[in-house]
Each structure stands twice: as C-alpha cells, then as structure tokens.
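Notes follow the structure.
Readers should treat all values here as calculations from the given coordinates under stated rules, not as data from a laboratory. Source: prediction; values computed, not measured. No Cβ is skipped: glycine too gets one built from the backbone with ideal geometry, and neighbour counts run over all protein chains shown.
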Amino acid sequence: MVQITLPDGSQRDYPGPVTVAEVALSIGAGLAKAALAGKVGDKVVDTSYTLTDNAKLSIITAKDADGLEVIRHSTAHLLAYAVKELFPDAQVTIGPVIENGFFYDFSYKRPFTPEDLAAIEKKMTELASKDEPVTRRVLPRDEAVAYFKSLGEHYKAEIIASIPANEDVSLYREGNFEDLCRGPHVPSTGKLKHFKLMKLAGAYWRGDHRNEMLQRVYGTAWATKEELQQHLTMLEEAEKRDHRKLGRELDLFHIDEHSPGTVFWHPKGWTVWQQVEQYMRRVYQDNGYQEVKGPQIIDKALWEKTGHWDKYRDNMFTTESEKRDYALKPMNCPGHILIFKQGIKSYRDLPLRYGEFGQCHRNEPTGGLHGIMRVRGFTQDDGHIFCTEDMILDECVAYTALLQKVYTDFGFKNIIYKVATRPEARIGSDESWDKAEAALIESLKRSGCQYEIAPGDGAFYGPKIEYTLKDAIGRQWQCGTMQVDFSMPERLDAEYVAADGSRQRPVMLHRAIVGSLERFIGILIEQHAGALPVWLAPTQVVVCGITDAQADYVAQVAQKLKNQGLRVATDLRNEKITLKIREHSMQKPPYILVTGDKEKASGCVAVRARGNVDLGVMPVDDFVAKIVADIASKA
C-alpha cells in the first residue's frame, strides 16, 4: 500500500507503486492531461516517476513556476532535436534554462544565419506537433560515454567523462533524438507550443576563451500564447528604450574602444548626472550624513586585512610603485573605516553616517559589459553608518523609508525586498551572522514590507537587504542595498569609547540607494524612454522664434527662464517653425515655446508640451510658474 498526500492535505491510497501520471489520472482526466511533472517533497520529477513509498506529491501544470521551468528545459531539447534534424553534422553541447527562456550551444562547420534560425524554429513546431513521447533511461557512465562517442557527439562524451565513474547518468529521448540530461521533462513534445527563437551569439566551450567558439541559439518559451506575446511586446518596447541607442540619439554619452567599460559623458548627459548627484547630495545633507572623499589607489595590505584580496582579487585592477603593490578601489568601505579611525570616537558620536560619491573600478570581463549598465569604472552613492548593535534596527527602518521616497521621486513605485543570507564562503562568526540577519529581517517587518529570503546570496562579510525596482515595462533592477557588517570594523581595528569608558567595536552598515550612478542613469533613460521628467531633463525648455523679428524677444524670454535656474536652449535659425518643432521634439525636451509677433506684442508664449501637446498661449510668468511647480513636484 502506498499513501500519497496531496497539497490540500487529502490522502489517496494505492495498492502498490504508482506513477505521478497515474495519481493525476486518479484525481481527474483534466489534471492528467495538464500534468507536466510532479513534485515529491522538494524534488521535481517526471510524470513517469514511480512512487514506491508514502510521499507528499504535487501535480505540476503550466500554471506553476516549476511547470514553466520544465517547459523551457524541454524546449531547449526540442531546439537541439530540430538542429540535428536539419544539420546532422552539428554537435550538441549544453542547453540550460535562463531567465525568460533557454539557450543551446552547438558546434558546426559554418555560422548559423538568420534564415537558419527561422528554419530551426519551423522544424521545432513540426516536431512538437508530432506529440512524440519523451522517455528516460539510465546508463552507467562509461557506457554513456561510449554511446555518445558512437554518435559523434564528442562534447557530450566529454561532459559525461567528467562525472565520477561510479555514477549512472540519465538520457532523455524524443523521436530520433536522445540527449544527456538530469530532467525532468514534459511527458511529450505536444506540450511545447508557445516558443520563439530570439537570436544567435558566440560562446566559448565551457566559457574558456582558449577553447572552440561555439554557436549559441537563444529562445524563449511560455505556458500560453498570451504570455509569449506579452514577452515579445515587452522586448520590442525594451529595444525602443535601449539606453545605448537613446544615449546616441540624445547625445548623452558614448563608450569608446580606447577605454572599454568606462563612460565618456557629453554635456547633456553630464547635466543629467549632475541632477542625480546633486539630488542625492541633498539627501545626504537632509538625513544626517557627512560627505567624505577617499583616495582611488590603496595599498594591497589594506585589502588583505579586509579579506577583499583573497575573495575579490580577480575583479581588482592593480598597479605597482616603488616596489609596493596597490589596487584601484573596487568599493569605498575600507576607506571610510580609515576616516572613522582618525581621532577618538565616543558613543555620543554614534550613529555616525558617512556618504561618498566614490569612484570605483572593477575588472569585469569584456563579454559582461553593457553600455553604462555594466561598466568597469563607476561612481556609487555610497554610505556607511557606524553604530551600536541596539541602533541597527532604527537605522535600517529609517533607511528603508528614505529609499522609498527617493525611488518615488525618480518615478519608481514598485519595490521588491529580498534578504540575502550568509554564503558558504564568508568571514565572521555564526553568532554575528545570526544577529545581522535577524536585524535585517526585523527591520523590514517594522517597515511593513513584504520580503523574500535569498539563501546564500549575502556578501562575504555580511547579509544584506536588496531593494529591486520594477520599471515601466515590468523589468526588475536591483539597485539599493543595506548590509550589516560586524567583521570589517574588527579586521581594521575600529573602535569607540562606550559609556562605561571601555573600548567597543562599532557595527558598520553599508548602504547605497541608487548604487552605481552610471547604471541608475541608464535605468532612468529606459524607464522614461529618454523623455526624462522636467527636473532631470538636460534641456527643459527650447524657445523658438518664427522669424528674425522675434530674435530679441526670444533672448528676453530665455534669459527670464534662465534667471529661474532653468536649462534653456534657443533656436533663431531661418527655418520654418514646423521644422524647428519637429527637430527639437526628437530630442524630447519637456517644453517648446514658440514666439511670433502676436506673442511678442502681448508678452506671451505659445506652449507645446512633450508629445506634441498644445497647451495654448500664456503669459511668460504663467509658464514660469507652471514649470517651476513641475520641477518642485518631480512631475
């Protein structure tokens, strides 16, 4: 007798071993048809999996997150199946699930083309329509190696050969194609209906540049046609919003091959930067932070003391002078401790909050660089709070409220909260990690925030809260962070004088709101599709004259606006006003003002808001009042 407990707590008894598929059928034909896999305890298994003992079982369908994972995993195999059907000489390598889809790497004698991609997708649809069963078998490792070698699949044989000799391996077959895989997979190819191949790319075998360059085919797969279409629409919108494209069109910045991974800011882009930095500087000033500035290059010995040299060395740029080794700082934290240590600090000085717009450098791989979102040289709105243990909660609660206000001002309403707990490779005692994790969790509870736990994702020196933004088209961007650190003050011998006269270690809270300013500005550009809010726009107003007769009046209006601190451009060219409006509209200024003889005579301007919205004619003073109000409200 085998007793199966279902998610609702009900139990079903079976006379002997029973498969997941048989359990689903016993519940109902509809569920059996929808079943993609099962979940026994925490393990996802095929519907053909046999339960021989009492167990807790969930039937997984396309509505479940695990079901979508199985669909994408199986669609990757369907892709490899189609490639082998069309290009028998191609060798298959690996094909994992990734965010929103999957990829598969192939070795082939020539590069795949966009026409090949279309043909592969068509073949995938044809194979799926056959609804061929997906079956699993197990082979001893050496037998599996020999089997794939006999097929000419040398990459698969190499993968299997790296598995311990005493282990068996599982293979999945659909039609004429069989692949190495742990599974699980959908019961038949007919379950795979809503997919699309997206792009081609190169990838080195096993990520090593010394190995062969393979061809990577990316795809996406979803549970329903509607979800697939929503995703494709989002990608189309994301392409329109691409900060690299808009950065060129709006003349904001460029990336140059002479300095890969760093940004050359143009006047307009640097204006946006300054607005973000000055806003954050006011946040520092209004919330008890003292702004500091540390050096770029610091002796290797300090990084050894903090633990960065052992755990972060590969990401650091190094240099040497007079037989001393130095590193460009990848973060600002150790420098702030050195500032804290200057002079005696009392418990009365705590909490002591330092803030810095600190420029950092990290040796990111070339393949990981992405516009201004992922760079090697960046500036953080970095802050560190030195406090006592009993101050941690209040500081974290206050910080979360501050961060929420900042994100709202920048146009972000949705925030996702995650607590990243201790990784395996870490420094510090378990006791200090227990205290730090508990403090972060309690602070989010007190802030009324729903949160998730991200096990093992903390920094090597402490756990953290990750604050993730959700943008206008649903994408997520992890920006803010709050980290509790008992270890670094200990390692660098930071201390304060307690009320009883004893010397005590402060707790160090690492925090950033926008994180990398470069990345945050890239997010802002994409969030607003380049049409930045009035307070951030590099040019807030363009004043155009219809003819030369209004030149003096245009200059007068522009100066009045500039006197209010507004960023203003003028256009006195001898061109048609429709051409001027069209050209300036492409640069997305919030307002274009048009002046003709009538406007000049009456002291007015014709106001056109972004998006070709005609606001009519109004006195200059009324327009000034309007735009000043827009800026004040962060509209």
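The table for this structure:
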quantity	calculated
Proximal lysines relative to K600, as straight alpha-carbon distance under 20 Å, when same-chain residues fewer than 8 apart are discounted	K560, K562, K576, K580, K626
Neighbour-count order for R182, R426, fewest beta carbons within 10 angstrom listed first	R182, R426
Long-range amide H partners of G515 with built H, under 5 Å	D381
Rel. contact order, % - alpha carbon contacts under 8 angstrom, at least six apart, the chain	9
Acute angle (nearest 10 degrees) that the helix 141-150 long axis makes with the longest principal axis of the chain, alpha-carbon atoms	80
Mean separation of Cα contacts under 8 Å (6+ apart) over length of region 300-417, as relative contact order %	21
For region 421-433, Karplus couplings with θ = phi - 60° (6.51, -1.76, 1.60), whole Hz, Gly/Pro x	9, 4, x, 5, 8, 8, 10, x, 7, 4, 4, 5, 5
Reciprocal of mean inverse Cα separation for region 431-565 (Kirkwood radius, Å)	19.6
Cleavage-rule hits (GluC sites (Glu not before Pro)) in region 237-275: DSSP loop, at most 13 neighbouring Cβ within 10 angstrom	E257
Residues with amide H under 5 Å from that of K464, placed H, sequence gap 5 or more	A420, A459
Amide H contacts under 5 Å for V169, placed H, 5+ residues apart	L139, R141
In sequence order, calculated HN-Hα J values of region 521-533 (Karplus, 6.51, -1.76, 1.60; Hz; x Gly/Pro)	5, x, 5, 4, 4, 6, 4, 9, 6, x, 8, 5, x
Order of T262, T578 - criterion: other Cβ atoms within 10 Å of each residue's Cβ, fewest first	T578, T262
Point-to-point label distance, H258-M1, nm (Cα→Cβ direction, 7 Å offset)	8.3
For region 405-415, Karplus couplings with θ = phi - 60° (6.51, -1.76, 1.60), whole Hz, Gly/Pro x	5, 4, 4, 4, 4, 8, x, 10, 9, 9, 10
Equivalent ellipsoid semi-axes, region 341-404, via Cα gyration tensor eigenvalues times 5, rooted, Å	32, 16, 9
Cβ-Cβ FRET estimate between I27 and S633, R0 fixed at 51 Å, reported to 0.05	0.35
With Cα atoms, 0 to 90° folded angle of helix 225-241 axis to the chain main axis	30
Ranked H258, H336, H194, criterion: other C-beta atoms within 10 Å, fewest first	H258, H194, H336
Theoretical FRET efficiency, 1/(1+(r/R0)^6), r = Cβ-Cβ of S602 and K562, R0 22 Å, to 0.05	0.55
Net lengthening on full extension, L151/S429 (0.36 nm per residue, minus Cα-Cα)	94.9 nm
